[in-house]
Structure formats: C-alpha cells, structure tokens
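The values are calculated or read from the model by the stated rules, or taken from the named source; none is laboratory data. Worth saying up front: this structure is predicted, and the values here are computed from it rather than measured. Here the Cβ positions follow ideal geometry from the backbone for every residue, glycine too, while neighbour counts run over all protein chains shown. Accessible surface is based on the protein model in full, side chains and every heavy atom, while ligands, DNA and RNA are left aside. Shrake-Rupley method; radii C 1.70, N 1.55, O 1.52, S 1.80 Å.
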Amino acid sequence: MMLFLYNLVVQFAGFFLKIVALFNPKMKLFVNGRKVVFLVLEQKIKPRDKTIWFHAASLGEYEQGLPVIEKIKKQFPLHKIVVTFFSPSGYEVRKNNTVADVTVYLPLDTKKNAKIFLKIVHPEMVFFIKYEYWPNYLAELKKRNTKTYLISGILRKNQLFFKWYGGFYREALETFTYFFVQNETSKKLLQELGKTNVAVSGDTRFDRVINILEKDNSLDFISQFKNNTLTIVVGSSWPTDEKLLVNFINSYQLNIKFIIAPHNIKKEQIIELKNSINKKTVLFSEKDEKNLADFDVFIIDTIGILTKIYSYADIAYVGGGFGNPGVHNLLEPATFGVPIIIGPNYSHFAEAIALVNIEACVSVTNQKELNEALENLIRNDDIRREKGHTSSTFVQMNKGATAVILKHILNDTI
C-alpha cells in the first residue's frame with residue numbers, strides 16, 4: 001500500500017514540477033534536463049559496453065564520491081563510467097566533468113523510468129553516494145542481481161527506514177550488496193535492521209580534499225589582490241552571514257583584505273552586497289585591467305574557484321551556519337590549514353562538530369561573538385597558526401575511506 005502511494009506521489013510530483021518549471025528557472029533545468037536523458041544514453045552507451053553507474057544527489061555528493069569514481073575508473077579502464085545527478089545544482093556545475101563517460105540527470109523514480117534506464121545502462125556495478133534511496137531503481141537493480149553499494153553512507157534514527165510505515169523503504173535496502181558508512185552510529189542503525197553487510201569506512205570527502213593539495217591551486221589574480229596582506233576568505237555566504245561580516249568590514253581599521261564568495265551569485269544580490277561595503281571593493285566580473293592590489297574587498301561573482309581561493313586564506317569564514325540545514329563545506333579550508341569561523345547551525349555535520357570540539361573552528365551566534373573571534377585570530381599569530389595546524393591534522397588523520405572501499409570492491413569482483 002505504501003509503495004503504491006509512493007508511486008502515486010512521484011507521478012503527481014512529475015506533473016506538478018512541469019507546471020512549476022514554467023515560472024522557476026532552476027526547476028526548468030530540472031524538468032528540461034530530464035527530457036533528453038534516454039536519448040543521450042542511447043547515443044553514448046551501446047549494448048556491448050560494460051558500464052559502472054554512480055549516483056549523486058547534488059554537487060556535494062559528487063565531490064564526496066569523486067575519489068572512488070577516479071579509483072574505479074583506473075581499476076576498470078574498459079568500463080564506461082555513468083554519473084547521474086538528481087539536482088540541477090550538481091548537474092549544471094559538473095555536467096562537463098572529465099572523469100565520467102556519460103553525465104546525465106537521473107529520471108524520476110518511476111517503475112517505467114527505472115526499467116528503461118537500467119536496460120540502456122546495464123551497469124555491472126552501482127554506487128549510491130551518501131544517501132538517496134530510490135525504491136523503484138533499487139527494486140529493478142535487485143531483479144537484475146546487480147552489485148550495488150552505498151558509499152560514505154549516513155543513517156539517522158529519524159529516517160523513513162525506522163518508521164512503522166517505512167516497510168517498503170526497508171525492503172529497498174535489501175538491494176545493497178554492501179554498505180560503507182561514515183560512523184558507528186550508522187552501522188548500529190543498519191544492524192538494528194538486520195544488516196551485517198556493513199563496514200565503517202569513514203568519509204571519502206577527506207580523501208577528496210587531500211587530493212586537492214596535489215593540484216595547482218594558484219590564481220594569479222588572487223595573488224595580486226592579496227599582495228602579501230592578511231586575508232580573510234568568506235566562502236558560501238548567505239545574506240545573514242554577509243550582514244554580520246559587512247558590519248565588521250566597514251568598522252575595521254587595520255590593513256586586512258577580504259574575499260567574499262557568496263553562495264548565490266544573482267546579479268541583484270551581488271550589487272546589493274557591493275553597495276553595502278564602504279571599503280574599496282571589486283567584483284571578479286570587473287577585475288580585468290584593474291590593479292587588484294589597490295582594493296580591500298574582492299567579491300567572487302562566479303563559481304568553481306572557491307577551493308583554490310581557500311589556499312590563500314589566513315582565516316576562513318564558512319557560510320550557511322545561520323540557516324537551515326546549516327553550514328557549508330569546512331573540509332576545503334581545513335585541508336589548507338586554515339582556522340575557521342562558522343555560524344551556530346552545524347549539528348548535522350560530523351566534521352563541523354569535530355572541528356569545533358578540537359577548537360580548530362569557532363562557532364559564533366551574533367555580531368559581538370563574530371567580532372571577537374575575528375579580532376582574536378587577526379591579532380594573535382600563534383593562535384591562528386595553532387588552529388590552522390589542528391585543522392589540517394584533523395583532515396590528514398581521517399583519510400583512507402577510499403582505500404577501504406576499493407579493497408572490498410576488488411576482492412568482491414575477483
């Protein structure tokens with residue numbers, strides 16, 4: 001009965017989203033992007049091809065799974081790698097990635113879509129990254145006896161699996177050949193459901209950010225702007241974060257530089273942000289033919305370069321902590337050995353809790369606390385270096401999840 005209702009809801013959602021797409025640009029991408037999925041798959045995947053499928057909900061999950069995708073691609077060079085996204089914020093940013101042979105949206109989870117998708121893709125192995133358990137896809141994979149893995153999984157007691165009405169969701173878990181989870185809590189929750197095919201591998205995001213250190217993270221225009229000056233990088237900020245930070249920027253007198261990379265780069269919001277700052281401010285989109293060293297604040301109204309920018313930070317403020325569900329990715333600044341400041345909402349993120357507990361990260365709840373935290377890090381070189389060292393050590397000590405997963409997968413395929 002519940003599965004019937006689920007399928008009814010999915011069908012209704014598909015119809016409703018088409019209407020919403022007429023008025024919402026993001027939803028238009030969501031709907032239109034799915035119209036050509038089967039055509040693209042048929043063009044790029046032939047019946048004789050061997051394939052491996054990875055599914056990521058959005059950009060964060062893709063980045064989380066990337067170390068595993070890269071290792072699997074290396075171990076199985078004759079297989080085509082198929083990557084699917086549920087969200088436009090993942091697909092639109094990474095649709096031209098070089099690690100996958102085919103990157104598409106995942107069609108909505110109907111029985112018909114699942115059958116068509118898996119008939120065309122016919123994967124030998126499937127990896128779901130972190131979460132997103134689509135019952136119809138999982139049921140079809142089970143029928144095909146396809147090896148299916150959850151990597152960097154997180155389970156919480158409030159999920160549908162643990163509700164009295166979640167039987168069809170619990171049944172979907174029967175598809176998984178093995179669960180690789182981030183922590184002991186997730187393992188115990190799966191064991192409560194009778195699952196013994198589970199291992200605590202850790203979080204592959206640590207491997208992902210450590211790999212960043214091996215790449216060229218230099219940006220000439222950031223070097224020019226920084227000009228050997230203490231620089232605070234504000235990453236993935238929301239208006240609530242920016243209001244507090246702008247108050248600090250406008251009142252601070254010492255020679256400090258600020259780089260702000262907002263989460264939302266809509267033109268009107270960027271202009272509003274720039275106009276609220278009374279220091280010399282330049283946008284990324286207007287940086288050419290300017291002497292960037294002359295400016296105090298650099299607003300990054302583009303995407304895709306924040307990771308490299310963190311490598312120039314002396315202090316990082318990571319946004320999202322004043323909203324719901326909470327703070328954005330802390331591991332990127334942490335891997336560069338940068339002390340971090342965040343807002344109060346971080347309880348859903350294990351790495352944020354850990355970084356706060358070991359005092360590599362400071363959580364603030366208001367303007368006064370933000371000002372004090374920034375002043376402390378700006379004026380005390382030893383404290384700044386100590387917290388930064390603690391950040392990078394934390395990342396180094398938690399690497400290795402990819403190796404655990406790969407060892408099991410390779411043993412499973414021999």
Does the range 152-159 contain any residue that is out of contact with any Asp or Glu (no Cβ under 7 Å at 6 or more places or on another chain), under 20 Å from K71 (Cα atoms), open to solvent by 40 Å² or more (accessible area, probe 1.4 Å) and not in a helix (DSSP H, G or I)? no
Expected single match for surrounded by fewer than 20 Cβ atoms within 10 Å (Cβ to Cβ), basic (K, R) and touching a helix residue (DSSP H, G or I) at 6+ places or on another chain (Cβ under 7 Å) among K280, K266 is K280
What are the residue pairs meeting all of these: first residue in the range 129-157, first residue closer than 13 Å to A114 by Cα, second residue open to solvent by 70 Å² or more (accessible area, probe 1.4 Å) and in a helix (DSSP H, G or I), Cβ atoms under 7 Å, and 6 or more apart or on different chains? N136/K111; E140/K115; K142/E174
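Which one is farthest from the chain's Cα centre (by Cα), of the residues in the range 47-62 that are closer than 17 Å to E132 by Cα and open to solvent by less than 30 Å² (accessible area, probe 1.4 Å)?
Pass one, the range 47-62, residues closer than 17 Å to E132 by Cα: 53-62.
Next, from what is left, pick out any that are open to solvent by less than 30 Å² (accessible area, probe 1.4 Å): 53-58, 61-62.
Numbers: W53: 19, F54: 15, H55: 13, A56: 9, A57: 9, S58: 7, E61: 5, Y62: 7 Å.
The residue in question is W53.
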Note: among T51, T103, T98, just one is within 30 Å of L330 (Cα to Cα), hydroxyl-bearing (S, T, Y), modelled with pLDDT of 95 or more and in the same structural domain as I154 (by the TED database), namely T103
For the range 335-381, enumerate the residues that are of a type in the set (S, T, Y) and crowded, with 21+ Cβ neighbours inside 10 Å. T335, Y346
Filter result for K18 (open to solvent by 40 Å² or more (accessible area, probe 1.4 Å), free of Cβ contacts under 8 Å to residues at least 60 places away in the same chain, under 16 Å from Y105 (Cβ atoms) and more than 25 Å from the chain's Cα centre (by Cα)): yes
Looking at this structure, is K130 assigned by the TED database to the domain that holds V31, among the basic types (K, R) and under 17 Å from the mean Cα position of the chain (by Cα)? yes
Can you tell me which residues in the range 160-173 are more than 30 Å from E351 (Cβ to Cβ), open to solvent by less than 50 Å² (accessible area, probe 1.4 Å) and of a type in the set (F, W, Y)? F168
Output the number of residues of the range 293-306 satisfying the condition of being at pLDDT 95 or above and either outside any loop (DSSP other than H, G, I, E, B) or on the phi > 0 side of the Ramachandran plot (or both). 6
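If you scan the range 251-263, which residues turn out to be open to solvent by 40 Å² or more (accessible area, probe 1.4 Å) and closer than 23 Å to G320 by Cβ?
Within the range 251-263, H263 is the sole residue that qualifies.
Being at positive phi and surrounded by fewer than 20 Cβ atoms within 10 Å (Cβ to Cβ) is the filter here; which residues of the range 128-151 pass it?
Answer for the range 128-151, where residues must be at positive phi and surrounded by fewer than 20 Cβ atoms within 10 Å (Cβ to Cβ): E132, N145.
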For N411, are the conditions met, namely being surrounded by fewer than 16 Cβ atoms within 10 Å (Cβ to Cβ) and more than 27 Å from Y312 (Cβ to Cβ)? yes
Of the residues in the range 177-196, how many are in contact (Cβ under 8 Å) with a residue 40 or more places away in the chain and open to solvent by less than 10 Å² (accessible area, probe 1.4 Å)? 1
